[in-house]
Structures are given as structure tokens and as C-alpha cells.
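Let me begin by presenting the structure, written as C-alpha cells, before commenting on it.
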Amino acid sequence: MRNIWIILICTFFISPAFTQSEYAVINDPDGYLNVRKEPGTKSPIVGKILDEEIFWVSDEATPNNWYYVNFMQPITDDMDEDRIYHILDGRALREGYVHGSRVRRLPTPESDFITNMDLSTDHFMAKDSLLVFMNFGRYQPKDSVAVKANWGTDFTKPKTKISQAYLKVHEMRHHLPSSGFFEPDFSSTELIYDPQSKDFIITMVNSDGAGYYFCVWQVREDGEVIRYAFRPF
């Protein structure tokens, strides 16, 4: 598995420099980062972001270099029930502030893909040895089972869903779980490669037109896939 990723790095990602994106990981030797309710170390801690976890970070900092973030955290008994409506895979969407010195932003998305968005159900973006593929289907009531929030809608019945999604690296296919993600917009799909962690990150901005959300899949070097959902507003 490691050899596949090394080949990809050498043959595909030849960009001489990497800029930044709105997604980040922590930069902290302790392996975790405290998230504060308000900017400042005296503000209460509302959660923690662990090493290698993806989170959404705002573009602009406060005067003392604190940034607003969206992150996901496992649900615990001491969480305020009113603050954990948006749930994904047993984790709740949280928000708060972190200091800029503890943030490592991911590179901006790769470009120059060949794409196909003309088909009614199948969509793809391809480049060299990479392929991101998604199939869209019609929403069915059973799709909301075990989903506390219909991501992509404002408490209304969704129309479309992701039926199948995967990232293919050479001959290795990585399934991208998508239950609970509705109203997909493939035209917003982007792919980020992080040379430091050797992870791939696939992102989409989905919406029914009234409200939007970011869905993110993190494909780790060892093949593990972790997904996130953010609503930074």
C-alpha cells in the first residue's frame, strides 16, 4: 500500500509549492488542540481537536490571531443537548476558536482534471492515476434512518442523494461513505493532497438552495476513510 502512495506522489503531484485552504489540521506537539468558546486562553474550553483530524477554519483572524473553526467531536454525556443537533457517525458538529499558531492549513485543491457532469446520474473527475467517481440517486424515506439531521436541507424532504462514491488511486479503490448526505453538487467537488500526511481529502459543498454544508472525506495513507460535515455559519 505504501508503495502505491509513493509512486503517486512522485508521478502526479509535482507542484513546486503548496498554498493554503479553508481546511486544516492541528500544529501542536501535544497531539491535541483545545477549542475555546471565545478568542482567548481565558475563555472556557468547548472541545478538543485531535492530531490528524480535519477541521474547517475561517480565513480571517481576530486582532490577537484567533480563528473561528468548525470541528466534529464524539458525543459525550456532558454536552448540551441543544448544541448537538448536527450529528454524523456518532460525532457532533461543534464550533469555537483556536489560536493561529496551532493551525496547519491544508494545500489548496488540485486543478486541471478531466470532468464529466453531463450525465444524469454518473459523474467523475480524473487526472493521471486518480479518479473521483459519484453516482446520484433519488432520495427514499429509509435513507434518513439513523440520521439525526438531513444534511443538505432545511428540515425538508431531500430529493437526491449520493448512491455511490469512491476515490481510485491507480488500481486501489477507496469507498467514500455517503449515508446522510443529500442534495449533492458534484460541480463543487475538489481534491486536496497533503504531502505532509500523505492523505487525500475530497470536499463538496452541497445544498437544497436554502442552506449549505461542506462534506469532507479524508482518505488516509493506510486506506482508512473518515468523513466530516461542516456548517460554518
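Any residue in the stretch 214-227 that is farther than 30 Å from VAL103 by Cβ, hydrophobic (A, V, I, L, M, F, W, C) and not assigned by TED's automatic domain parsing to the domain that holds LEU50? So that I can check it myself, show each step before the final result.
Going residue by residue through the stretch 214-227, those that are farther than 30 Å from VAL103 by Cβ are none.
Within the stretch 214-227, none of the residues are farther than 30 Å from VAL103 by Cβ, hydrophobic (A, V, I, L, M, F, W, C) and not assigned by TED's automatic domain parsing to the domain that holds LEU50.
Of everything in the stretch 194-229 that's touching a residue at least 24 places away in the same chain (Cβ under 8 Å) and in contact with a Cys (Cβ under 8 Å, 6 or more places away or on another chain), which residue is farthest from LEU176 (Cα to Cα)?
Selected residue: ASN206.
Here are the criteria: (1) closer than 30 Å to PRO29 by Cβ; (2) touching a Ser or Thr at 6+ places or on another chain (Cβ under 9 Å); (3) surrounded by fewer than 17 Cβ atoms within 10 Å (Cβ to Cβ); (4) in contact (Cβ under 8 Å) with a residue 60 or more places away in the chain. Tell me which single one MET117 does not satisfy.
The single condition MET117 does not satisfy is (1).
In the stretch 157-179, is there at least one residue being free of Cβ contacts under 8 Å to residues at least 24 places away in the same chain and on the phi > 0 side of the Ramachandran plot?
Within the stretch 157-179, none of the residues are free of Cβ contacts under 8 Å to residues at least 24 places away in the same chain and on the phi > 0 side of the Ramachandran plot.
VAL46 - would you say it is assigned to a strand (DSSP E or B), more than 30 Å from PHE136 (Cβ to Cβ) and at pLDDT below 95?
Working: assigned to a strand (DSSP E or B): yes; more than 30 Å from PHE136 (Cβ to Cβ): yes; at pLDDT below 95: yes.
Spelling it out, VAL46 is indeed assigned to a strand (DSSP E or B), more than 30 Å from PHE136 (Cβ to Cβ) and at pLDDT below 95.
GLU38: surrounded by 11 or more Cβ atoms within 10 Å (Cβ to Cβ), modelled with pLDDT of 95 or more and more than 30 Å from ASP222 (Cβ to Cβ), yes or no? Show your work before the answer.
Details: surrounded by 11 or more Cβ atoms within 10 Å (Cβ to Cβ): yes; modelled with pLDDT of 95 or more: yes; more than 30 Å from ASP222 (Cβ to Cβ): yes.
Yes; evaluated as a whole, the condition is true for this residue.
I'm checking my understanding of the structure. Among residues of the stretch 86-108 that are assigned to a loop (DSSP other than H, G, I, E, B) and surrounded by fewer than 17 Cβ atoms within 10 Å (Cβ to Cβ), which one is modelled with the highest pLDDT?
Narrowing the stretch 86-108 to residues assigned to a loop (DSSP other than H, G, I, E, B): 86, 89-90, 106-108.
Add one more test, that the residue is surrounded by fewer than 17 Cβ atoms within 10 Å (Cβ to Cβ), and what stays is 89-90, 108.
Values: ASP89: 87, GLY90: 84, THR108: 93.
Only one residue fits best here, namely THR108.
If I filter the stretch 12-35 down to residues being hydrophobic (A, V, I, L, M, F, W, C) and in contact with a Ser or Thr (Cβ under 9 Å, 6 or more places away or on another chain), which single residue comes out as modelled with the highest pLDDT?
Going residue by residue through the stretch 12-35, those that are hydrophobic (A, V, I, L, M, F, W, C) are 12-14, 17-18, 24-26, 33, 35.
Filter again for in contact with a Ser or Thr (Cβ under 9 Å, 6 or more places away or on another chain), leaving 12, 18, 25.
Values: PHE12: 40, PHE18: 38, VAL25: 98.
Taking the candidates together, the pick is VAL25.
When the residues of the stretch 41-72 are narrowed to those that are within 21 Å of ILE87 (Cα to Cα) and among the aromatic types (Phe, Trp, Tyr), which ends up surrounded by the most Cβ atoms within 10 Å (Cβ to Cβ)?
PHE71
The values are calculated or read from the model by the stated rules, or taken from the named source; none is laboratory data. Computed from a predicted model, the values in this text were never measured in an experiment. Positions of Cβ are generated from backbone atoms using ideal geometry, with glycine treated the same way; all protein chains shown enter the neighbour counts.
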